[in-house]
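The values are calculated or read from the model by the stated rules, or taken from the named source; none is laboratory data. This structure is a prediction, so every number in the text was calculated from the model and none was measured. Glycine gets a Cβ as well: all are built from the backbone with ideal geometry, and neighbour counts include every protein chain shown. For accessibility, only protein heavy atoms count, side chains too; no ligands or nucleic acids. Shrake-Rupley method; radii C 1.70, N 1.55, O 1.52, S 1.80 Å.
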Amino acid sequence: MINIEKLHFSYLTGDFHLYISKLNVEKGEKVAVIGPSGSGKTTLLNLIAGIIPVKNGNIRVGETRIESLNDAQRRDFRIQNIGFVFQDFELLDYLNVIDNILHPFRITRALTLDKDVRGRAAALADKMGIGDKLKRQTNDLSHGEKQRNAICRALLSHPKLILADEATGNLDPENKDRILDLLFQAVDEHEATLLAVTHDHELLKNFDRIIDFRNFQSKEAV
Amino acid sequence: MIDSIYIAWQYIRFNKIKTATLIACITLISFLPLSLQLLLGESERQLMSRAVSTPLVIGDKGSSLDLVMNSLYFSDEVPELIGMEASERVMESGLALSIPVYARFHTRGNPIVGTTLDYFDFRRLKVAEGRNLAVLGDCLLGARVAENLGLKPGDSLLSSPETLFDLAGVYPLKMKVVGVLQKSHTSDDLAVFVDIKTTWVIQGLGHGHQDVTNLSDPTLILKRSESNVAATAKLYHHTEITKKNIDSFHFHGNTSVYPITAVIAVPYDDKSGTILRGRYLSRNETLQIIKPEEVIDGLLQNIFRIKNVLDAVISVVALATVLAIILVFALSLRLRQREIQTIFKLGCSRLTIARLVSAEIFIIVLTSGLLCGVMILVVNQISNGLVRMLFIR
């Protein structure tokens with residue numbers, strides 16, 4: 001699903017440097033990415049998603065070569081193929097639960113918002129246990145409910161790849177397990193691939209594989 | 001599908017106070033100059049059209065503006081009074097039609113205008129309901145007065161005393177409404193017309209009372225001689241003119257010196273007008289003759305001079321408001337950086353983000369525009385009365 005080769009990346013300022021000679025993630029895998037702060041975990045997710053353009057090296061997601069896409073193509077690719085789950089949920093407080101789930105469909109021409117999508121959004125929310133809160137403002141939700149709302153938003157377009165950046169970082173232990181279970185279920189149901197950045201070592205046992213950025217030497221990475 | 005308007009609307013709904021403040025600022029700053037323009041336009045229309053249609057006005061040598069405002073628009077500012085002989089002088093000159101005007105008294109907040117039947121012909125006023133003035137005590141209502149007071153022919157109307165605490169002063173006269181004039185959209189709509197002699201009765205210069213020659217009560221007689229009977233203050237004075245008592249009404253002294261506020265002179269031709277004006281140029285002349293158009297033109301020039309100053313002030317305030325609004329949006333965008341970053345990460349283009357912000361601005365400006373439009377419509381509806389209140393009364 002994800003193939004990375006000879007990836008070099010550094011920001012214009014600062015001495016941060018990321019180098020990955022080879023990294024593969026298979027379709028349907030649930031992979032955890034761990035490592036100290038500043039080691040480049042989030043940068044890697046941003047490069048894979050095409051948020052940051054790739055300057056040196058190759059990243060292939062499915063059949064798409066990310067480095068060959070221009071800005072607009074990367075955006076379309078991202079919104080059609082990638083579901084993002086953030087640590088701080090990143091929900092829009094002025095939209096209610098259902099509007100947050102539908103939001104990606106309202107900000108691009110690459111997705112079409114129709115009756116079917118609305119039905120799927122409601123069903124997804126129902127499955128995530130927030131089906132009775134669709135008209136609530138997100139400020140009225142608990143942390144767990146907010147993250148479930150964010151997962152619904154990430155999954156609605158049936159993305160092939162889900163990138164989770166500290167998705168359970170702001171949750172209490174009980175909610176962490178629940179959210180992770182829900183995320184795993186959703187990934188299985190949608191036959192997606194999960195790449196999740198986490199600091200929580202207790203959760204690692206749930207993943208198929210771990211990429212450790214500390215040494216940048218996960219078993220598969222060279 | 002990009003649903004910018006929907007998302008912008010949700011944002012605006014969520015931030016009600018910020019939105020309401022912005023809308024209020026934009027609405028007020030657009031409404032002020034527009035309403036001012038509207039009111040000045042209306043005042044110019046009202047003042048000028050009437051002034052142009054009134055050729056000459058004769059009155060005391062005081063403020064020409066007070067004289068015009070009172071004789072044309074029946075303003076509360078009463079000029080120094082002149083005698084009825086001023087009207088007779090114009091008539092005797094054979095140069096113009098003379099219409100005396102006595103606009104001093106009020107009834108329920110509306111001016112009572114004493115004049116002659118020529119006034120209605122001159123102003124082309126038609127009676128819509130009832131009949132024209134015929135006898136002492138009759139009154140003819142302007143269309144708006146009839147509407148506002150809910151009066152119709154057959155009803156009655158009391159004149160208001162000039163001073164409430166003057167016990168020796170004039171008692172209110174109960175006038176009979178005999179007709180209602182057609183709407184003319186001028187000051188005539190807001191006036192109550194009576195015969196000039198009726199205004200003298202209101203003033204107490206003419207009156208009706210018990211027949212003193214047949215009084216049996218000795219307390220009513222102060223002094224009796226063969227040719228004269230002097231009555232005491234106990235004598236009953238009529239406060240309403242009816243068929244029964246109309247014959248008892250009479251005027252003491254020479255009515256030529258009875259007061260009026262102005263004479264409207266309608267010259268038969270240009271030459272007559274010029275000659276008539278010339279007759280009032282003497283240094284010893286106690287009266288002045290004025291062309292209302294010139295007086296109102298001067299007034300409007302002053303008003304427009306003030307308006308120019310106001311326009312400049314409003315422009316500066318508008319500029320400051322626009323800059324403040326730009327600052328509000330700029331700060332708002334900075335505060336929303338994280339939100340913008342999120343939707344960018346989700347796959348939104350910068351152009352779409354700009355469209356979302358533009359949609360918010362569009363909704364705010366559109367709402368302000370609609371609100372301003374409604375307020376302007378309201379001002380337009382009441383501009384007639386508002387102009388009277390601001391510029392005439």
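A few notes on this one:
- Nearest-ten-degree value, helix B:350-387 long axis tilted from longest Cα axis of chain B: 0
- Placing R0 at 60 angstrom, the Cβ-Cβ distance between B:Asp297 and B:Val135 gives a FRET efficiency of 0.90 after rounding to 0.05.
- Backbone phi angles across region A:182-191, fed through the Karplus curve with coefficients 6.51, -1.76 and 1.60 (θ = phi - 60°), yield HN-Hα couplings of 4, 5, 4, 4, 4, 4, 5, 4, 8, 6 Hz in residue order; Gly and Pro are listed as x.
- Exposure rank, largest accessible area first [B:Val145, B:Val374; 1.4 Å]: B:Val374, B:Val145
- Volume per residue of the C-alpha convex hull in region B:274-393, rounded to whole Å³: 163
- Dividing the convex hull volume of the alpha-carbon atoms in chain B by its residue count gives 214 Å³ per residue.
- Area of B:Lys176 that stays accessible when all protein chains are in place (1.4 Å probe, Å², to 10): 100
- Accessible carbon and sulfur surface of region B:129-191 relative to its total accessible area, %, 1.4 Å: 56
- With the highest mean first, a sort of the peptides B:193-200, B:294-301 on other beta-carbon atoms found within 10 angstrom per residue produces B:193-200, B:294-301.
- In region B:215-291, GluC sites (Glu not before Pro) in a DSSP loop with at most 12 other beta-carbon atoms within 10 Å: B:Glu226, B:Glu285
- Protection proxy ranking for B:99-106, B:321-328, using the average of other Cβ atoms within 10 Å per residue and placing the highest first: B:99-106, B:321-328.
- Under the simplified labelling scheme, the B:Tyr6-A:Lys135 pair shows an inter-label distance of 1.7 nm, with each label point 7 Å from Cα along Cα→Cβ.
- Accessible area buried between chains A and B, both sides summed, probe 1.4 Å, in Å² to nearest 100: 2400
- Using a Förster distance of 56 Å, the FRET efficiency for B:Lys243-B:Leu331 (Cβ separation, nearest 0.05): 0.10
- Shielding by other protein chains, B:71-80, mean Cβ within 10 Å: 0
- Computed over the protein assembly as shown, the range of Cα coordinates on each principal axis works out to 143, 56, 37 Å, biggest value leading.
- Two-site FRET efficiency, A:Asp126 against B:Ala324, from Cβ-Cβ distance with R₀ of 51 Å, rounded to 0.05: 0.65
- Global geometry of region A:131-211, whether rounded, prolate or oblate, following the gyration tensor of its Cα atoms and the 1.5 cut on a/c: oblate
- Accessible area in square angstrom per residue, region B:74-133, 1.4 angstrom probe: 44
- For residues of A:99-108, the mean tally of beta carbons on other chains within 10 Å: 5
- Solvent-accessible ranking of B:Tyr6, B:Tyr236, largest area first, probe 1.4 Å: B:Tyr236, B:Tyr6
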